[in-house]
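Participant: Questions regarding the structure given below will be posed in turn.
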Amino acid sequence: MSEIEFGNILYKLYHGEVKIEGAAVKDNKNCADLTVNELNPIECIRTLTKGSEGPTISAIASDLDITRPSTTVAVNKLCSKKMVSKEGSSSDGRSVRVKLTQKGEKAYSAHHSFQNNLVKDIKQSMSEDDYKALVTSLNTLKTILDSKLENIGEE
C-alpha cells in the first residue's frame, strides 16, 4: 500500500466517523441542534468537571488544544443553546467555571452512547485477535501523531 493510499484511509476514517456521528446527532432529540464539533467541548467539560465545580475556559482550551478566544466562542454558543452554564469560581472570583446543564448532560450521554455503540459494532465484526491488533496499531499511530504534535508546539 502506498503512502497516498494510507493517507486516504486515514482521511476517510476520520471523515466517515464524523459523518456517521453527524447523522446520529441529527436523529437524537437530545442533541439535534448541535454539530459534531460542539460535542467535543461538551465531552471535555464533562470529563474535566470535578465534583460540583466545572472547568475554566483555560482548562477547556488546553484540553481541546484550541485558543482561549475560540473556546470562549464555543462555550458562548453552547450557552445560547442551553447546553452549558457559566458561573464565577467559588475559589477564585476572577475565573469563570463552565458546567453542563441538564440538557448538556443528555447530549453528553447521547454522544457517549453513540461512541460506545460504534466501538461495540466494530469489535463484534472482528475476531478478538484482529481487534487486539487494531487497538495496538491505533495506539502506535496515536503515539506517532502525538510526537508530531509536540514537535509542532516546539517550532
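Participant: Within the group 120, 50, 82, 148, which residue is free of Cβ contacts under 8 Å to residues at least 24 places away in the same chain, outside the structural domain of residue 26 (by TED's automatic domain parsing) and out of contact with any strand residue (DSSP E or B) (no Cβ under 9 Å at 6 or more places or on another chain)?
Facilitator: Numbers: 120 fails: outside the structural domain of residue 26 (by TED's automatic domain parsing); 50 fails: outside the structural domain of residue 26 (by TED's automatic domain parsing); 82 fails: outside the structural domain of residue 26 (by TED's automatic domain parsing).
That would be 148, the only listed residue that is free of Cβ contacts under 8 Å to residues at least 24 places away in the same chain, outside the structural domain of residue 26 (by TED's automatic domain parsing) and out of contact with any strand residue (DSSP E or B) (no Cβ under 9 Å at 6 or more places or on another chain).
Participant: Quick one: is residue 106 touching a residue at least 60 places away in the same chain (Cβ under 8 Å) and within 30 Å of residue 29 (Cβ to Cβ)?
Facilitator: Spelling it out, residue 106 is indeed touching a residue at least 60 places away in the same chain (Cβ under 8 Å) and within 30 Å of residue 29 (Cβ to Cβ).
Participant: What is the one condition in (1) over 23 Å from residue 36 (Cβ atoms); (2) basic (Lys, Arg); (3) not assigned by TED's automatic domain parsing to the domain that holds residue 42 that residue 142 does not satisfy?
Facilitator: So residue 142 meets the others, but not (1).
Participant: Taking helices (runs of 4 or more DSSP H) that fall entirely within the stretch 66-155, which contain at least 2 residues that are closer than 28 Å to residue 13 by Cα and among the aromatic types (Phe, Trp, Tyr)?
Facilitator: In the stretch 66-155, 102-124 are the helices (runs of 4 or more DSSP H) which contain 2 or more residues that are closer than 28 Å to residue 13 by Cα and among the aromatic types (Phe, Trp, Tyr).
Participant: Name every residue in the stretch 1-48 that is assigned to a loop (DSSP other than H, G, I, E, B), touching a helix residue (DSSP H, G or I) at 6+ places or on another chain (Cβ under 7 Å) and within 24 Å of residue 62 (Cα to Cα), in order of residue number.
Facilitator: Residues of the stretch 1-48 assigned to a loop (DSSP other than H, G, I, E, B): 1-2, 28-35.
Of the ones still in play, those that are also touching a helix residue (DSSP H, G or I) at 6+ places or on another chain (Cβ under 7 Å) are 28, 30-32, 34.
Selection gives 34 alone.
The values are calculated or read from the model by the stated rules, or taken from the named source; none is laboratory data. The model shown is predicted, which means the values in this text are computed figures rather than measured ones. Reconstructed Cβ throughout: ideal geometry from the backbone, glycine too, with neighbour counts over all protein chains shown.
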